Amino acid sequence: MVRAAEAKRAAIVEAAAEQFHHGGIQGTALADVARAAAVAPGNMFTYFRTKDALSEAVAERWTKRVTAIVGELDAATPDPLARIRLFLDRSRDNAPAYAKRGCPLAMLSRDFRQLSLAAEPAAEPFRVLTGWLTDQLQAAADPRAERHARFLLATLQGAFVLAHAEGDAGQVEDMVDELQNWLGALGLGKATPTA
């Protein structure tokens, strides 16, 4: 029974993440989420008492997802620069989705601020990414690792916004190419890989 309840809760969070990405938190009714998760609308309150609580669960889900992604990248290669290149390639692979729907992390962060929810849960996935990029650049002996990590992530986010605004995945693809070139131009050598 506990596992079934956990599975249903996870299905609700997954459905909410999808619905929030499409219509925003404010524009999504709990009934829409219930329908997408195949839950009776009256049963939603068994799992989440408020939409704010559900929104926080969605933010937590994104943090776990981003943490899992960087874990996969860490496991893929011991070379920190190669890890960043894989991260950029992954962004290129997802360019059509960004062009069609925008970045779910940016939209979630925007909605949390507009609804006066605590911003920390929605900002956490970005903190994970910035911290991970900083760690990789530090491992490659970049003396400006944190600043460069923020630059890289901000540039990608800008590309996601332009791609979505123009419906053009090429915006992301072009910017990934530029970031790959920029990374090479930094002249960083291989350093002791991070674990």
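Every number in this text was worked out from the coordinates using simple rules, so none of it is lab data. All values derive from a computational prediction rather than experimental measurement. Cβ sites come from the backbone with ideal geometry, for glycine too, and all protein chains shown count toward neighbours.
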Review point. How many nm separate the modelled label positions at Phe151 and Asp174, each set 7 Å beyond the Cα in the direction of the Cβ?
Key: 2.0 nm
Point to revise | Whole-angstrom gap from the stretch 120-174 to the stretch 24-57, using each part's C-alpha centre | key: 30 Å
Revision key, fill the gap. Longest principal axis of the chain (C-alpha) makes with the long axis of helix 51-76 (C-alpha) an angle, in degrees to the nearest 10, of 30 degrees
Review point. For the stretch 73-133, what is the per residue volume of the convex hull drawn over the alpha-carbon atoms, in cubic angstrom?
Key: 77 Å³
